[in-house]
1. State all residues of the stretch A:270-288 that are of a type in the set (Gly, Ala, Ser) and touching a Lys or Arg at 6+ places or on another chain (Cβ under 6 Å); if no residue qualifies, say none.
2. Under the condition of being at pLDDT below 95 and more than 10 Å from chain B (Cβ to nearest Cβ), which residue from the stretch A:265-283 is farthest from the chain's Cα centre (by Cα)?
3. Mind checking which residues of the stretch A:311-336 are charged (D, E, K, R), at pLDDT 95 or above and assigned to a loop (DSSP other than H, G, I, E, B)?
4. When you scan the stretch B:200-247, how many residues do you find that are of a type in the set (D, E, K, R) and either more than 7 Å from chain A (Cβ to nearest Cβ) or part of a helix (DSSP H, G or I) (or both)?
5. If you go through the stretch A:264-275, how many residues are crowded, with 21+ Cβ neighbours inside 10 Å and within 19 Å of A:PRO211 (Cβ to Cβ)?
6. If we scan the stretch A:310-323, do we find a residue that is in contact with a strand residue (DSSP E or B) (Cβ under 8 Å, 6 or more places away or on another chain) and over 26 Å from A:VAL532 (Cα atoms)?
7. Being among the small types (Gly, Ala, Ser) and either not assigned by TED's automatic domain parsing to the domain that holds B:GLY446 or not in a helix (DSSP H, G or I) (or both) is the filter here; which residues of the stretch B:365-385 pass it?
2 protein chains.
Amino acid sequence: MKFVRVFIHTAAIMPLRKLLSIRGMVSQRTCMQLGNRLLHNNVSYTNRTQTCGGLRETDIGKTVQLCGWLQYHRMGGLFLILRDWQGLVQCIVSQEKESLLPLVRDLNYETVVEVHGKVHARPAGQENKNLETGMIEVHVEDLKILNQSIQGLPFDIREFHDVKESLRMEYRYLDLRTKRMQRNLRLRSNMIMKMREFLCNKHGFVDVETPTLFRRTPGGAKEFIVPSRHPGKFYSLPQSPQQFKQLLMVGGIDRYFQVAKCYRDEGAKPERQPEFTQLDIEMSFVEMEGIQFLIEDLLHFSWPEDLEGRPETPFPRLTYQEAMRQYGIDKPDTRFDMTLTDVTKHLLDSGVQQFDRFTSSAESSIVAFRVPKGMDHMSLNDIQTLKEAALKIDDGKNKINIIDVRVGQNGEWKSSISKYLKPDTREKLAAATQLQSGDILFLAAGQRFKHNEILGRLRLECANHLQAKGIQVRDKTKFNFLWVQDFPLFLPKEDGSGLESAHHPFTAPRPDDIDLLNTHPEKVQGQHYDLVLNGNEIGGGSIRIHNADLQRYVLQDILKEDPSELKHLLEALSMGCPPHGGIALGLDRLFACLCNCDTIRDVIAFPKSSDGKDLMSQAPSPVSKADLERYHVEIKTESKK
Amino acid sequence: MKFVRVFIHTAAIMPLRKLLSIRGMVSQRTCMQLGNRLLHNNVSYTNRTQTCGGLRETDIGKTVQLCGWLQYHRMGGLFLILRDWQGLVQCIVSQEKESLLPLVRDLNYETVVEVHGKVHARPAGQENKNLETGMIEVHVEDLKILNQSIQGLPFDIREFHDVKESLRMEYRYLDLRTKRMQRNLRLRSNMIMKMREFLCNKHGFVDVETPTLFRRTPGGAKEFIVPSRHPGKFYSLPQSPQQFKQLLMVGGIDRYFQVAKCYRDEGAKPERQPEFTQLDIEMSFVEMEGIQFLIEDLLHFSWPEDLEGRPETPFPRLTYQEAMRQYGIDKPDTRFDMTLTDVTKHLLDSGVQQFDRFTSSAESSIVAFRVPKGMDHMSLNDIQTLKEAALKIDDGKNKINIIDVRVGQNGEWKSSISKYLKPDTREKLAAATQLQSGDILFLAAGQRFKHNEILGRLRLECANHLQAKGIQVRDKTKFNFLWVQDFPLFLPKEDGSGLESAHHPFTAPRPDDIDLLNTHPEKVQGQHYDLVLNGNEIGGGSIRIHNADLQRYVLQDILKEDPSELKHLLEALSMGCPPHGGIALGLDRLFACLCNCDTIRDVIAFPKSSDGKDLMSQAPSPVSKADLERYHVEIKTESKK
């Protein structure tokens, strides 16, 4: 049998275990193991004495046992370069061991090898300063093939090769060997560990695991369902431990956290994963600022040692209104300017007819932003394309028009409105927006904040466009955290049939808005706060409603939902629930920002594609009839519809 | 509106947030918060200065702000006892504040209260040495009701009340307030944190989250299925991250761990939860002893400070054969003796006919164990009941008979076999089992190890019986860890149709058994090891197969499974997979042992009942038609079958 020969060869390094009696101690250990057991490092308890990439000049003279992947060999097997997560090391087959050369020559790249040898300084002049192990080399005394790799892997691990993402996903285990993925996953692990130290060791938080098989949340259309053995009854995979964390507060676990796996079924949506991870936190007897300070200190404390940009605290605060006014979005990227300016008052009697109806009402406005030196980088075509991209978010519903003003090198204005504009209006507009020669100004008018949203989108599109042209708009080493707060508690439903929660129905109103709940619920602001990083919402939280009557009123009278679906929570609030609040940080997004990745898939070990498929195992997949019967379900085929 | 009044009262302690500009800093903070932010303790970032139960003599003279639950009040509201997780504290309404008395008198127990006051020494003679805060009391200067509890809670939090488990589950948030549950959850959190420090900080392990929506494992009848939006296709909730941890090894994450949520659908089974947690570990370039040493050191390191019984290392090792011979079970409770003795050779020509056919074959044996002073605590009826309980595990299949020998105070034997036994056989039997007056001896004969299993079960039943009679058989302060190893790699299938994996198909055979794979696979031992604590299997692991050919051979030729279902894993093994192994510890069971709980439900915040129901929310529950349509399934009703 072929495999037996291969395996025996492979297994030769495994010394035979002796049967050990209950009274006896371990009778046989290699010296290596005994020694390694006590090491507090990356090779303890194993057959290695060092990592490949961890060898330095201080190791010269040491006898080492290395395990790693064959990056490549050269000069007929004389040199072999071994790799592990810490890096590369050069091994040389010494002249006395030349019988090893044919063996090495036959090795496929990515074969797993064990090398015994001695660390030497590289001969003078042969040092490689680009390699951390470049001052040394290992003279091979013995070499074992632990597992031969096949020839012709789907792609090359060495990172200068660009590989299609779907191929990387199909062979994710190969992709994980790259320097980039090793760094991302290890940074993630280390930072989460620091977060735990901060919460658990420094601040007495309790890590509590909450169930993921739970009751369906009312209206939880994004929750996966899990059929149970009870006919017609289903569990639901919750989108967050929201109810449980509140129940823990009721239960006197007054400082809770969890690195929680959450689920959300949004069908095919780019940059969303059906399962994701959040750092979930809840505290009793706390106010909004307490949570905010906690998170600021947490991020400061757990910031990776080797990453620039450890954030200063406290983070800036922005109200929802200000964010919409200045950035046209509730998660502003503040790494660059081009902020929106309200120019309504400057356009009173502007001479431009289409502006007139927007200068008269308090609900409407005219807003503008300037792209400095935009004329150098944007053609008329570009401007048209960028405008169209921005207008997509409104889909023509609000009939909003974006006007561009292109300022030539001599200060001349080119625009569809320039011939109507009175000269003093033009001056006022230029002063208000600090408009200079070579700039482009974009204007839009509308009802609050529809046109702000469109210009906010255009601002981001312009930034992307300029970046693509090689202009550094966003500083990639900057981490701009900020809080957005004072959101409305309720928003009108899309179909106009009433109000829905801006975030979720458990958010407490601001204390001084309590009276408005009865009279003008749409004007009530909530004690909600979002944490924003570089234009990404990476966290959100709130002070919760802790009063059962208030919670019932919000559910029943304002949101018109059936409160009996949340009977257990309402009961809990009535039985001694402390005031409490919390937050959840989206860790996938946070680490994507920190690792400078375009997609969260690059900070997740085994992500799914945008339509929720695992390209490696081909999940989801069909199941057997017996499986379906056990759960009392059958597949609804098209013809049955 | 009633709620508004209540809420305003409640909200009064929340100072109004000012709108904060992005450039400005936080403009308004209470002194309390600023001060508390820097405290590294259990009250940082909150409105509390101390915990109730944490006050000590060293706090005398301090002004404090406490938040807690009203345990009770007495003397017309003069004394109120506040509770939080750290314990109780006595507060006294001082004479100047007697206007507070009617307010306090009206409070229901478990109402959440905030107290401002000053810590005083208790008057001489009024100290309470049974209370950790018993040397002090707090003189109340102000008191706020944070949330009034309803009257007549479903049960009393004070622990001297015995409450039915189903009621505790329905109002789990109340149950969590008890001292017992607080201790259990906090011990769990702290010990897991220490485990993480050991793995991550001391030994360079990487914490990697693996997906829980995965492809169905071949034959994975215990996996929940999750319908997807792709018609007819399902995810599966995996029973462990087994495949992912192996793929991580292939991916060069050479030291991995995860506190992993796992799923297992076993229908109604006591002491099993549909979701459970394991500490999942995998390492490359490691042998069996490396993993064992790691776990021993891990448990030693992370052992709770305030728990007796920190285990000595190394743990004893027992082979599977020895375990079955001595204890009749592969997870022996070694806290007490009554071990099984093979008495076959003493019963050669015993005179007892029914023994003769068991003394002639190497495959059969006669086994006995002694219950010291059994005659004092077991009636004939008891013996009958205990035997029946033990025989249940075999269900009469192997027609095994348990014989008892009752030794009277004068040494006389009472037994169904005593009249046949030759005197010298009797002597040899007594000597071999150290039988004394007043003891009971149990014997059984059969094929290996069927009768051992039955006597092993009887041994446990006898221990339970003696414990119930007040005899301390098991020392509750002892934590007897041990390893059981050298299991067979394959077992005959129940239906006799071939072999199945004793653990799972990824376990590597012992290197010196490789040749047997072709010829006598049933004789091959696997590199599997179980960690046992006090008769509970709390962990299991193995060195894995890292060779693709061997893995394919095991799947296809020995187990007769379709290897294409595991194509992705087989491919991975062929592309440079290091030798590797690992283990998973069942944390729920471990903590149940450490917290001395009869059920794992007492160390889980929100457990499910034995039939998988959440008694608090009534999950699982029906879902809407729209939900079912989204996932292309319909409920199979009885009539359709």
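The values are calculated or read from the model by the stated rules, or taken from the named source; none is laboratory data. Remember, predicted model here, so these are calculated numbers, not experimental data. All Cβ positions, glycine included, derive from the backbone under ideal geometry; neighbour counts span all protein chains shown.
1. none
2. Only one residue tops the list, namely A:LYS269.
3. A:ASP330, A:LYS331, A:ASP333, A:ARG335, listed by residue number.
4. Looking only at that region, the number is 4.
5. Looking only at that region, the number is 3.
6. no
7. B:SER365, B:ALA368, B:SER379
Residue-wise test of (1) within 23 Å of B:GLU388 (Cβ to Cβ); (2) touching a helix residue (DSSP H, G or I) at 6+ places or on another chain (Cβ under 9 Å); (3) at pLDDT 95 or above.
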{"residue": "B:GLN434", "(1), (2), (3)": "no, no, yes"}
{"residue": "B:PHE442", "(1), (2), (3)": "yes, yes, yes"}
{"residue": "B:GLN447", "(1), (2), (3)": "yes, yes, no"}
{"residue": "B:ARG457", "(1), (2), (3)": "yes, yes, yes"}
{"residue": "B:CYS462", "(1), (2), (3)": "yes, yes, yes"}
